[in-house]
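For reference, the structure discussed in these notes is given below.
The values are calculated or read from the model by the stated rules, or taken from the named source; none is laboratory data. Because the structure is predicted, anything quoted here is derived from the model rather than measured. Please note: Cβ atoms are built from the backbone with ideal geometry, for glycine as well, and neighbour counts cover all protein chains shown.
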Amino acid sequence: MTCKDLAERLGAYRAGELPLGARAALLFHAGMCPCCRALLSTYDVTVALSAELAERQVPDAVALEFDSMIERAMTLAAPS
């Protein structure tokens, strides 16, 4: 397994969708590769933070400002 393979299969691994052999290869690779260990850790933190943020309400003022920013960006990006 390569770093690219691990990155491509990370979601399936965390969802429990990889077959035993693929899980073992992913874990073996992560055990040997500090970058992929960091990726696994970062992925888990990102998923946890995303779940936490999904439960929060966005204040109306923030939502309006975001909409305004998107509209300005689309206007600037529109073909002439």
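Here MET74 clears all of (1) at pLDDT below 95; (2) surrounded by 10 or more Cβ atoms within 10 Å (Cβ to Cβ); (3) hydrophobic (A, V, I, L, M, F, W, C) except the condition numbered (2). Answer with yes or no whether ALA61 is of a type in the set (A, V, I, L, M, F, W, C) and surrounded by 10 or more Cβ atoms within 10 Å (Cβ to Cβ). Against the criterion (of a type in the set (A, V, I, L, M, F, W, C) and surrounded by 10 or more Cβ atoms within 10 Å (Cβ to Cβ)), ALA61 does not qualify.
For the stretch 14-29, a residue qualifies if it is of a type in the set (A, V, I, L, M, F, W, C) and touching a helix residue (DSSP H, G or I) at 6+ places or on another chain (Cβ under 6 Å), and the qualifying residues are LEU18, LEU26. So the check is Cβ under 7 Å with 6+ separation or different chains; which pairs have a first residue in the stretch 4-29 that's among the small types (Gly, Ala, Ser) and a second one that's surrounded by 12 or more Cβ atoms within 10 Å (Cβ to Cβ) and not in a helix (DSSP H, G or I)? So the pair list comes out as ALA12/LEU18; ALA25/MET1. Summed over the stretch 31-45, residues that are surrounded by 15 or more Cβ atoms within 10 Å (Cβ to Cβ) and either over 12 Å from LEU10 (Cα atoms) or of a type in the set (S, T, N, Q) (or both) total 1.
When the test is whether a residue is surrounded by 10 or more Cβ atoms within 10 Å (Cβ to Cβ) and either acidic (Asp, Glu) or out of contact with any Cys (no Cβ under 8 Å at 6 or more places or on another chain) (or both), GLU52 does not pass it.
Going through (1) of a type outside the set (A, V, I, L, M); (2) surrounded by 10 or more Cβ atoms within 10 Å (Cβ to Cβ); (3) more than 15 Å from GLY11 (Cα to Cα) one by one, ARG23 falls short only on (3).
In the set ARG9, ARG56, only one residue is out of contact with any helix residue (DSSP H, G or I) (no Cβ under 9 Å at 6 or more places or on another chain) and not β-branched (Val, Ile, Thr); that residue is ARG56.
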